[in-house]
1. Starting from residues that are of a type in the set (Gly, Ala, Ser) and under 19 Å from the mean Cα position of the chain (by Cα), keep the ones in the stretch 268-308 and report whichever is surrounded by the fewest Cβ atoms within 10 Å (Cβ to Cβ).
2. Could you check ASN2 against (1) within 30 Å of ARG121 (Cα to Cα); (2) part of a loop (DSSP other than H, G, I, E, B); (3) of a type outside the set (Val, Ile, Thr) and say which number it fails?
3. Can you report the number of residues in the stretch 42-63 which are closer than 11 Å to TYR108 by Cα and aliphatic (A, V, I, L, M)?
4. ALA22 - would you say it is assigned to a helix (DSSP H, G or I), within 22 Å of the chain's Cα centre (by Cα), on the phi < 0 side of the Ramachandran plot and hydrophobic (A, V, I, L, M, F, W, C)?
5. When GLN231 is evaluated against the numbered criteria (1) part of a helix (DSSP H, G or I); (2) surrounded by 24 or more Cβ atoms within 10 Å (Cβ to Cβ), which criterion, by number, is the only one it fails?
6. Among the residues in the stretch 54-66, are any part of a helix (DSSP H, G or I), touching a strand residue (DSSP E or B) at 6+ places or on another chain (Cβ under 7 Å) and surrounded by fewer than 23 Cβ atoms within 10 Å (Cβ to Cβ)?
7. What pairs come up if the first residue lies in the stretch 71-84 and is closer than 17 Å to ASN389 by Cα and assigned to a loop (DSSP other than H, G, I, E, B), the second is modelled with pLDDT of 95 or more and of a type in the set (Asp, Glu), and their beta carbons are under 6 Å apart, counting only those six or more places apart or on different chains?
8. Do we find that VAL256 is buried (at least 21 other Cβ atoms within 10 Å of the Cβ) and among the aliphatic types (A, V, I, L, M) in this structure?
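The values are calculated or read from the model by the stated rules, or taken from the named source; none is laboratory data. Remember, it's a predicted structure, so these values are computed and weren't measured experimentally. Using ideal geometry, Cβ is built from the backbone for each residue, glycine included, and neighbour counts are taken over all protein chains shown.
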Amino acid sequence: MNPDVLIIGGGINGIGIARELAFRGVSVLLVEKNDLCSGTSSESSKLVHGGIRYLEHGEFSLVADACRERFFLIQNAPHLVEKQPFIIPIYKEDRRPPWMIRIGLWLYELMALHRGIGHNRMIRIQDALSTEPLLRSENLVGAAEYFDGKMDDARLGIELAMQARDMGAQIWTDSPVVACQLSPHPTATVCHNGELITIHPKVIMNATGPWTDQTVALTGPHDHSVLKPTQGIHLITRPLVSTHALLISAASDNRVLFVIPHGDYSIVGTTDTPYSGSPDSVTATAPDIQYLMNEVERVFDLKLTRSDIYATFAGLRPLANSVQDTPAAISRDHELIRHSESFFSIIGGKYTTFRSMSEDAAKAIMKRLSLPFLNSTRTLPLGPGPFLNHEDRLTRLSESVRHSIANEFACHISDYLRRRTDAFFRKGNGLEIVDEVAAIFAEVLQWTPEQTAAETEAYRNQVATMHAEINLVLP
């Protein structure tokens with residue numbers, strides 16, 4: 001095969017770059033060793049946000065870019081991205097007093113200019129408590145309201161991949177790159193459908209996120225790591241908030257944490273801890289679970305029980321290697337690295353800014369290909385599919401499983417239960433329907449009884465492993 005561009009990595013950045021190139025008629029093949037968005041891109045806080053906390057670190061350009069992209073995402077994909085109001089409760093013990101919050105909100109709104117999505121303001125304490133009555137009232141000295149967005153991160157990535165495919169991009173999942181060389185010409189060997197296939201692209205783009213260093217190493221020895229990854233975990237709990245999400249200052253380390261309403265559950269996160277292990281074995285750890293529980297219990301003045309926590313998830317931020325001492329101080333801006341004339345890597349950034357990041361990468365690639373960079377995807381809409389939401393998919397189970405296999409790149413049970421729907425994150429974790437889903441996969445993909453049993457057991461093991469860590473904290 002001889003595509004113009006080979007993209008390695010099927011997270012949001014790889015998908016975004018594939019879409020940018022296919023939109024402009026470039027021949028592109030994207031390969032992903034697992035499922036689309038199965039790494040960092042489905043383990044986010046599910047927020048489309050400007051990044052209000054980055055103002056403290058002076059990252060004004062990043063915040064302005066994110067605010068612009070937030071506006072476009074809400075306009076272009078309203079079935080997956082929506083405006084979300086937030087409350088900031090300010091307690092006596094917090095290290096960000098009301099005056100600091102007021103200035104931050106004014107600056108945050110200024111960053112958005114005419115693409116703001118709501119008016120940021122200080123509100124009465126009683127209004128905050130009546131809006132979210134589970135909040136602790138003791139020592140509450142102020143409150144504020146502001147607006148950002150929330151999203152379905154995995155589905156957004158998958159639907160963008162479908163759009164890229166419709167534009168002409170080829171997308172292979174379950175297809176790891178096993179060899180790669182740059183001289184005399186770029187060449188990669190991909191294991192696809194059990195067969196080793198040699199690809200001869202003109203340009204290779206490494207968009208593998210936390211696996212960036214491993215992918216670079218396929219081309220030969222390199223001097224140093226380009227990444228300094230940090231781990232972020234989240235808890236899925238019973239509903240703690242109703243209409244408004246919360247931005248809270250952690251008492252233990254002053255980090256910004258979120259509590260976000262999502263259907264029948266709340267998402268609590270996130271942590272930001274250095275990570276040096278394998279990106280293939282990231283999991284929520286007992287200390288991080290305990291950290292989030294402590295902060296939730298402080299702000300809501302309650303004790304979480306075992307039945308209150310439905311699930312956890314964990315992901316890695318592929319941040320650029322930095323001399324900063326603390327993870328929170330490392331820039332969230334993206335970096336495009338040109339290792340050679342025909343080999344690039346993209347690292348860092350935020351999910352919210354994937355489109356502008358992808359545009360930057362596509363410009364560099366098309367310059368290398370001596371092609372003009374015309375038009376923009378800024379206002380390119382992403383149309384809704386045949387299902388209204390996750391509830392609709394799970395209600396029309398057989399139809400939606402078959403649709404996911406035929407149209408949405410789903411190859412495994414976990415692809416459907418974790419990323420085509422949110423069953424994994426609900427109370428019960430999808431175990432009540434796993435056998436039915438497995439039977440449909442087996443019928444469509446003609447699995448043997450042994451394959452079906454192995455797939456079912458693999459999913460059950462994912463759930464069991466997750467609960468084992470929770471049980472260390474709440475037996």
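1. At the first step, the residues of the stretch 268-308 found to be of a type in the set (Gly, Ala, Ser) are 269, 276-278, 281, 284, 286, 307.
From the residues that got through so far, the ones that are under 19 Å from the mean Cα position of the chain (by Cα) too are 269, 278, 281, 284.
Numbers: GLY269: 26, SER278: 10, SER281: 6, ALA284: 26.
This residue is SER281.
2. Result: ASN2 passes all but (1).
3. 3
4. It is false that ALA22 is assigned to a helix (DSSP H, G or I), within 22 Å of the chain's Cα centre (by Cα), on the phi < 0 side of the Ramachandran plot and hydrophobic (A, V, I, L, M, F, W, C).
5. Single failed check for GLN231: (1).
6. no
7. LEU80/ASP152
8. Spelling it out, it is not the case that VAL256 is buried (at least 21 other Cβ atoms within 10 Å of the Cβ) and among the aliphatic types (A, V, I, L, M).
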